[in-house]
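The values are calculated or read from the model by the stated rules, or taken from the named source; none is laboratory data. Predicted model, so just to flag it, every value in this text is computed and none were measured. Glycine also receives a Cβ, built like all others from the backbone with ideal geometry; neighbour counts cover every protein chain displayed.
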Amino acid sequence: MPLLPSDLAYVPFVSVEHMMGLVHHLGIERMLRDLADEIEADFKRWELFDKTPRVASHSDVGVIELMPTSDGEMYGFKYVNGHPKNTKDGLQTVTAFGLLADVDTGYPKLLSEMTLLTALRTAATSAMAARHLAPKGTTTMAMIGNGAQSEFQCLAFKAICGIDTVRLYDIDEAATEKAARNLAASGLKVVTCKSGEDAMEGAQIITTCTADKQYATILTDNMIGPGVHINAIGGDCPGKTELHRDILLRSEIFVEYPEQTWIEGEIQQLEKDHPITELWRVITGEAQGRRDDKQITLFDSVGFAIEDFSALRYIHKAVQGTGYFTKLDMLADPDDPRDLFGMLNRSKG
């Protein structure tokens, strides 16, 4: 008779279907707020984490990355790719999965899809940063780049920062129409725009999220007036930027992990002695965020492993006692830990 797996063999697995069910169960705006709070809490204990730039394998058509970190009690990593060409073949530009493990035993505690979860945590991180950097009382955001991330960004800024209007622009009009359609029942006032300059009108927050893997100038210096907050999230690898260098020179720049952002972010255009501020220092009160109404603040976000760690830990807690996971037979558990071969032999039945 075949041996049945023991309880120790099983690892909770959250599939795409489970993740979608959990989002609908909790409500997307609540989940975005919860994720923002979880990420902010981990930024407050930033110094406890192991930190390293992501391990990236670049090709002419994209990048495949591993993003690891640990707080000493739990270890987490994410596998993620970025292939802008994929949409031409009906594939996602970004796919991801992640794992959370117990440091004490090394045993995995959660395996999860992270394509949806990355979209959620990226949006939550953006809005969490804007909570500290954007002008107070902000109501309008320009959303430049209306691809897969755009709706998540808009909903996060509504749920976390209180915006009520989004102005959408993409060089692909079909992408803007898609985003406007998806946001029609969101409670946001949605304005579709014919140019980037048009999208800027009345916007106190400007989010850029484009996918081309190249140096690009999505925003030119003349498009940026005083007092705005720029949330630049499209740049995430060497040679990929969205902002003209002159905008950076006029802005107070905030980053996640400098060692990674100098390689992948907008600041790869600058000299290494240019002043930047780590966001965790603002959150803990060690550094100042927005100083006045005239200041231009820029969150040069490339995504960092601690944000994924926070998201995985949140999901691990959120699925407890629910049906939004399956038990995956993932770990060998012989009766005698030294007799793995014996377990294999006995499995013949």
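For the condition within 21 Å of LEU22 (Cα to Cα), in the same structural domain as GLY234 (by TED's automatic domain parsing) and either free of Cβ contacts under 8 Å to residues at least 60 places away in the same chain or of a type in the set (Lys, Arg) (or both), LYS136 does not qualify. In summary, ILE39 fulfils each of the numbered conditions (1) touching a helix residue (DSSP H, G or I) at 6+ places or on another chain (Cβ under 9 Å); (2) within 30 Å of LYS348 (Cα to Cα) with the single exception of condition (2). Consider the stretch 239-275 and keep the residues that are out of contact with any helix residue (DSSP H, G or I) (no Cβ under 7 Å at 6 or more places or on another chain) and of a type in the set (A, V, I, L, M). The one that is modelled with the highest pLDDT is LEU249. Residues of the stretch 56-72 that are within 24 Å of ARG45 (Cβ to Cβ) and touching a residue at least 24 places away in the same chain (Cβ under 8 Å): MET67, PRO68, THR69, SER70, ASP71, GLY72. Do we have any residue at all in the stretch 324-346 that's buried (at least 18 other Cβ atoms within 10 Å of the Cβ), in the same structural domain as GLU40 (by TED's automatic domain parsing) and in contact with a strand residue (DSSP E or B) (Cβ under 8 Å, 6 or more places away or on another chain)? So far as the stretch 324-346 goes, yes, one or more of its residues are buried (at least 18 other Cβ atoms within 10 Å of the Cβ), in the same structural domain as GLU40 (by TED's automatic domain parsing) and in contact with a strand residue (DSSP E or B) (Cβ under 8 Å, 6 or more places away or on another chain). For the stretch 284-307, filtered to residues that are modelled with pLDDT of 95 or more, of a type in the set (A, V, I, L, M, F, W, C) and under 23 Å from GLY235 (Cα atoms), the residue that is farthest from the chain's Cα centre (by Cα) is ILE296. Surrounded by fewer than 18 Cβ atoms within 10 Å (Cβ to Cβ), in contact (Cβ under 8 Å) with a residue 40 or more places away in the chain and farther than 30 Å from ILE263 by Cα: does that describe LEU4? No.
Among the residues of the stretch 161-198, those that are of a type in the set (A, V, I, L, M) and assigned to a loop (DSSP other than H, G, I, E, B) comprise ILE163, ILE171, LEU183, ALA184, ALA185, LEU188.
List the strands (runs of 3 or more DSSP E) that sit entirely inside the stretch 246-349 and contain at least 3 residues that are over 30 Å from LEU8 (Cα atoms) and basic (Lys, Arg).
On the way: elements: 252-255, 297-300, 326-329.
Answer list for the stretch 246-349: none.
Among the residues of the stretch 250-267, what is the count of those that are of a type outside the set (Phe, Trp, Tyr), closer than 19 Å to THR297 by Cβ and touching a residue at least 24 places away in the same chain (Cβ under 8 Å)?
Here the count works out to 10.
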